[in-house]
Amino acid sequence: MVRFNLVCLLILAVACNGAKHREVVKEEEVVLDDSSLVSIADSSNAGITDSIAAVADTLHVDAAKLIGRWIQPVAGLDKETQGFQLRKNGTAKSINMYTLVYEKWKLTHDTLLLWNHSEGVKDTSTIVDTTIIKELSDTSLVLFPVKAAEGYVEKYRRQN
């Protein structure tokens, strides 16, 4: 009976006190700290903000301005160009990149997603290139690949 009362007292103390509970053992008071009893507020929905709204330098991008052929010089071969073509129907096509095949594209706020796969290699799984549009005009496009080092950008010009 004493043990039952002790257990009930312990349960009541935990329910009322949370992180600390008191236990009386033979007329002595013992304070036990147990981190497993710490109550943590559910924060799964607290303070969720749109990541786009949180970024001050977000660029508003008109998807219609992206339609077209975008090229850049091939590194080390300045007379050669490479790039991609974005079509109105959401499909994409590689330009002068024979092993990298673009399939489709999507614009979400200032983020350009390009689905692609590699030809001529064992692993032909689809990859999604995620880039932030830093600048867009009628003639130029500047992209920051999200996995790139800070400050790295890829510059393209519109090909007519």
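A short reminder: the numbers here are calculations on the coordinates, not readings from a lab. Because the structure is a prediction, the values reported are computed rather than measured. All Cβ positions, glycine included, derive from the backbone under ideal geometry; neighbour counts span all protein chains shown.
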### Task
Please give every one of the lysines within straight-line cross-link reach of K155, meaning a C-alpha to C-alpha distance under 29 Å, and leave out same-chain neighbours fewer than 8 residues apart.
K65, K79, K88, K93, K104, K106, K134, K147
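Can you put Y156, Y98 in order, fewest other beta carbons within 10 Å first? Don't jump to the answer; show the numbers that get you there.
Working: Y156 19, Y98 9.
Going from sparsest to densest Cβ surroundings: Y98, Y156.
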### Total formal charge among the other residues, if their Cβ is under 10 angstrom from that of V153, Lys/Arg +1 and Asp/Glu -1
0
#### Entry: Net charge of neighbours whose Cβ lies under 13 Å from the Cβ of V128, counting Lys and Arg as +1 and Asp and Glu as -1
+1
### Summary
The answer for the net charge of residues other than N116 whose Cβ lies under 15 angstrom from its Cβ, with Lys and Arg +1 and Asp and Glu -1, is 0
#### Entry: the stretch 63-159 shape via C-alpha gyration tensor axes, a/c threshold 1.5
rounded
